1. Note the full-extension length gain between Ser171 and Met156 as 0.36 nm times their separation in residues minus their Cα-Cα distance, in nm to one decimal.
2. Would you please give the FRET efficiency between Val12 and Thr109, computed as 1/(1 + (r/R0)^6) with r the Cβ-Cβ distance and R0 = 45 Å, to the nearest 0.05?
3. Sort all Cα-Cα distances of the stretch 20-68 into consecutive 10 angstrom bins from zero, then give the percent of pairs in each bin up to the one containing the longest distance.
4. 222 nm [θ] for the chain, helices only, -39500 (n - 2.57) per DSSP H run of 4+, per residue, to 500?
5. Obtain the nm distance between the two label points defined at Leu51 and Leu19 by a simple spin-label model: each point lies 7 Å from its Cα along the Cα-to-C-beta direction.
6. Of the listed peptides 131-138, 18-25, what is their order by residue-averaged count of other C-beta atoms within 10 Å, with the highest listed first?
7. Calculate, for Ser28 and Asp163, the FRET efficiency according to 1/(1 + (r/R0)^6) with r their C-beta to C-beta distance and R0 41 Å; round to the nearest 0.05.
8. Could you work out how far the C-alpha centroid of the stretch 1-43 sits from that of the stretch 64-112, in angstrom?
Amino acid sequence: MAMAWIWSGMVVLSLIFGLFTGNLSAVSAAALEGAAAAVELGVSMAGVLCLWSGVMEMMNASGLSAGLAQIFRPLLRRLLPSASRDPETLAAVSANVSANLLGLGNAATPLGIQAARRMARGCGGAASDELCTLVVLNTASIQLIPATVGSLRAAMGSAAPFDILPAVWLSSVLSVTAGLAAARLLSLPDRRRS
């Protein structure tokens with residue numbers, strides 16, 4: 001709701017300033033140009049999202065995603081010991097991490113929400129340390145194939161949309177490491193109290 005007010009305020013302010021400065025035609029031309037670019041980007045992103053969602057479905061049907069999730073289970077059991085006691089929660093977390101690894105952020109979101117809902121049961125309205133760790137894993141995910149970023153770069157006319165892979169690998173490993181370290185450090189005071 002707040003974003004609706006912010007965007008509405010920005011539109012009204014730009015119209016007022018365009019009117020007072022005599023640039024109302026430039027404001028309307030920019031608004032139409034921006035709307036056309038947004039539609040073009042949305043259509044190109046929808047195509048790539050459909051492609052990668054289809055790839056994820058094929059991986060699910062062939063059992064490849066289950067195999068990939070199986071690889072992550074030992075690590076996730078160490079990071080999320082309480083959540084790993086419930087097989088369905090661990091399966092959702094593993095699938096979320098696998099989808100993020102493939103750069104399918106939009107496909108990973110429902111899996112992350114499902115895992116977070118299961119982990120939030122019994123927390124009494126406050127996020128547990130493990131739920132915070134899941135949020136870190138989900139938001140600062142390691143990406144081998146940044147599909148969304150690559151599709152954005154391709155939609156914007158990049159000749160080599162995936163030439164950013166080494167930078168993505170390094171930055172995503174560093175962000176996950178920093179996030180997990182911060183989550184671990186911030187959970188220490190709670191462990192000392194209990």
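The values are calculated or read from the model by the stated rules, or taken from the named source; none is laboratory data. Since this is a predicted model, take the numbers as computed values, not measurements. FYI the Cβ positions are ideal-geometry reconstructions off the backbone, even for glycines, and counts take in every protein chain you see. Accessible surface areas use protein heavy atoms only, side chains included; no ligands, DNA or RNA. Shrake-Rupley method; radii C 1.70, N 1.55, O 1.52, S 1.80 Å.
1. On the way: separation 15, 0.36 × 15 = 5.40 nm, distance 2.23 nm.
Full extension of this stretch gives 3.2 nm more.
2. Working: r = 32 Å, r/R0 = 0.71.
The value I calculate is 0.90.
3. 23, 24, 19, 15, 11, 7, 1
4. Numbers: 8 runs with 155 residues, N = 194.
Rounded to the nearest 500, it is -27500 deg cm²/dmol.
5. For the pair Leu51/Leu19, the computed spacing is 4.6 nm.
6. Values: 131-138: 21.0, 18-25: 11.6.
Order by mean packing, descending: 131-138, 18-25.
7. Values: r = 38 Å, r/R0 = 0.92.
That gives a FRET efficiency of 0.60.
8. 41 Å
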